[in-house]
Structure formats: structure tokens, C-alpha cells
1. What is the sum of charges, Lys and Arg at +1 and Asp and Glu at -1, for the other residues whose Cβ falls under 14 Å from the Cβ of Val58?
2. How large is the dipole of the range 27-78 about the Cα centre if only Lys and Arg carry +1 and Asp and Glu carry -1, each at its Cβ, rounded to the nearest 20 debye?
3. Fully extended, how many nm does the chain gain between Leu35 and Leu54 (0.36 nm per residue separation, minus their Cα-Cα distance)?
4. Can I get the semi-axes of the range 27-78's equivalent ellipsoid? Compute them from the C-alpha gyration tensor as square roots of 5 times the eigenvalues, in angstrom, largest first.
5. Report, by chain and number, residues whose modeled amide H sits under 5 Å from the one on Val37, excluding near sequence neighbours (fewer than 5 apart, same chain).
Amino acid sequence: MKSVRVFILSCASLFLVNQPSAWGQQEPFYQGKTLKVVVGFTSGGFYDRWSRLLARYVPKYLPGNPEMIVQNMPGPAD
């Protein structure tokens, strides 16, 4: 009986400790920031399409909803 009481008290204390408080919160890390996705191929290609799709939908799932920009930088063939 004593172990059950200790278990319930420890669970209750963990619940109270883990409650978020208004004074301890801060703004999300990506709030107001811009993320640049650099694609090493020309525009209109397969990787460009996927990176633009990624840039359209990923910011919804990042805290702060940052802006994402896709930049194509094709380089010379080695």
C-alpha cells in the first residue's frame, strides 16, 4: 500500500513539474528566419522540383514557420 502511494505521489509531482509556464516560454527558433535550399542542378529538373516541393510544405512543420527559398547553383561538370 505504501509503494502505491509513493508511486502516485511521484507521478503527480512529475506532472506538476512538467507543466509549461508562461514566463518560461520563448519564441520559436525559426521565427522570422529564412532558410535557403541550394540545388546543384539547373532549374526545371528532377532535384529542382523536389526541392521546391520540400520548400513549400516543410515550413508548416518547423516551429516558427520560416520562409524557405530555393536557389539553383549548377556547377561545371568535372
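1. Numbers: positive: Lys33, Lys36, Arg52, Arg56, Lys60; negative: Glu67.
Result for the local shell: +4.
2. 160
3. Details: separation 19, 0.36 × 19 = 6.84 nm, distance 1.17 nm.
The Leu35-Leu54 span can extend by a further 5.7 nm.
4. Values: eigenvalues 130, 26, 8 Å².
Three semi-axes, in Å: 26, 11, 6.
5. Amide H to amide H, under 5 Å and 5 or more residues apart or across chains, Val37 pairs with Ile69, Val70, Gln71.
Where a number appears in this text, it was derived from the coordinates with a stated rule and is not lab data. Quantities reported herein were computed from a predicted structural model and do not represent experimental measurements. Ideal geometry is used to build each Cβ from the backbone, glycine not excepted, and the neighbour counts take in all protein chains shown.
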